Amino acid sequence: MSRRNLLALSLGAAGTALLPRLGLAATPAWDRTLVMIEFNGGNDGLNTVIPFDDPLYAQLRPKLAIPRDKAIHLNHEMGLHPALAPLMPLWKEREVAAVLGLGYPKPNHSHFRSIEIWETASDADEFAELGWVADLLPESRLPKAGTPAVPAHVVLLGNGSPGPFEGGRLALVSLDRQGQAPRHADNDMIEGLAPPKEPERPEALEHIIAVRALDRQAAQQILPARLAQVKMQSGFPPGPFGTAMESTARLLLAGIMPPVIKLSLGSFDTHANQLGAHERLLGEFAQALAALRNVLTKAGLWDRVLVMTYSEFGRRAKENASQGTDHGTAAPHFLLGGQVRGGLYGVQPPLSHLKDNDLVFTTDFRSYYNMIAEHWWRVPGVSGFKPLNGPLG
């Protein structure tokens, strides 16, 4: 069994200019948290940030197009899905950025392969073992795990993929959406995998056991006492995602600020009857983020949190016969936070220049990652890609 597979068992399962990965002048910033939200299943970007002024939009989507008079106008060309209305106070305060046209060359339409590409920041024909966060945050750059503020490097809420964190030495804690630690197997078992008898235990498995021990220790530090002490008025929407976002707020209010908290929302795999499902998911996202911002602003923590979204791909430009959309390519994603410079960034892929009925990406997703690496964590980014300029100082 490969090291990657063992780690998977342990953890749960066109930037263009060529730049060397050099150390940055500033020291890494660990007084802040990145909240990663995976739009699981592939979010339909065209109905999220809507090019309502392009007549091809309505032609490609006679049943699914959001009418111009219902879209929330951001300018004379682009708008937001009406379910995102709870984010408009943040938009007006310039605390929300939408990055348009994110994707990569030679896109893959498979859920499993495309999310693997996004999780490893690899090329479409490259099979990497390190998750992109694990790669950019090696042990030498990380804060010491096990402290009151950083009991772990990553807190994974719910059943989302740990892919961005695989293969490195990040101390990861998996919690359910309520913020409770799941029961762990016996110390000599890793998710049902019995290690070889001593002294034949391989080095990779030794590393897994050590990381799992850190995970258990960190989980015990987090729960249940510190979260139980946090008192706040909820305001978060009902449902799994709202619950996970409320747990995120409780972690931060409890003084627990790991480098990363990750949760997921979905499924956005809307092959049929898309309108209702997509409206519900975007509404849950917007309501939960508005509630998070409200809670953290009152606590003076909003400037220390950055929220990012990502997904394996967008959806096809043309609707299908089942009133849905099939697997596509490029899509917009959101950044939210007190240090975000809000607005639209990048270039909307033109509907007049589709390739195989798909949008052609205009910004490589690794430039998006490098903006976070270099301007948020202050560590070097993925080699070969300039960081996206604008949304973060």
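The values are calculated or read from the model by the stated rules, or taken from the named source; none is laboratory data. In this text the structure is predicted, and so the values were computed from the model without any measurement. Positions of Cβ are generated from backbone atoms using ideal geometry, with glycine treated the same way; all protein chains shown enter the neighbour counts.
Summary of values
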{"read-out": "Tally, over segment 319-349, of residues that are of a type in the set (A, V, I, L, M), in a loop (DSSP other than H, G, I, E, B) and closer than 25 Å to residue 115 by Cβ", "value": "2"}
{"read-out": "Residue tally, condition in a loop (DSSP other than H, G, I, E, B) and over 23 Å from residue 120 (Cβ atoms), over segment 144-181", "value": "13"}
{"read-out": "Every pair of residues 6+ apart whose Cβ atoms lie under 8 Å, when the first sits in segment 234-257 and is on the phi > 0 side of the Ramachandran plot while the second is at pLDDT below 95 and among the basic types (Lys, Arg)", "value": "255/226"}
{"read-out": "Among the residues listed as 367, 383, 352, the single one being of a type in the set (Ser, Thr, Tyr) and either in a strand (DSSP E or B) or in contact with a Gly (Cβ under 9 Å, 6 or more places away or on another chain) (or both)", "value": "367"}
{"read-out": "Selection count, segment 122-143, where residues are over 19 Å from the mean Cα position of the chain (by Cα) and part of a helix (DSSP H, G or I)", "value": "3"}
{"read-out": "Among the residues listed as 189, 232, the single one being over 21 Å from residue 34 (Cβ atoms), over 23 Å from the mean Cα position of the chain (by Cα), hydrophobic (A, V, I, L, M, F, W, C) and modelled with pLDDT of 80 or more", "value": "232"}
{"read-out": "Residue check for residue 248: touching a helix residue (DSSP H, G or I) at 6+ places or on another chain (Cβ under 7 Å), part of a loop (DSSP other than H, G, I, E, B), buried (at least 21 other Cβ atoms within 10 Å of the Cβ) and of a type in the set (S, T, N, Q)", "value": "no"}
{"read-out": "Candidate set: segment 157-170, residues that are at pLDDT 90 or above and over 15 Å from residue 266 (Cβ atoms); chosen: the one nearest to the chain's Cα centre (by Cα)", "value": "164"}
{"read-out": "Selection status of residue 197, out of contact with any helix residue (DSSP H, G or I) (no Cβ under 9 Å at 6 or more places or on another chain), surrounded by fewer than 16 Cβ atoms within 10 Å (Cβ to Cβ), at pLDDT 85 or above and in a loop (DSSP other than H, G, I, E, B)", "value": "no"}
{"read-out": "Criterion violated by residue 52 - all others in (1) over 26 Å from residue 93 (Cβ atoms); (2) at pLDDT 85 or above; (3) surrounded by 15 or more Cβ atoms within 10 Å (Cβ to Cβ) satisfied", "value": "(1)"}
{"read-out": "Test result for residue 119, within 21 Å of residue 379 (Cβ to Cβ), modelled with pLDDT of 95 or more and either part of a loop (DSSP other than H, G, I, E, B) or not basic (Lys, Arg) (or both)", "value": "yes"}
{"read-out": "Residues (within 25 Å of residue 136 (Cα to Cα) and basic (Lys, Arg)) located in segment 224-273", "value": "262"}
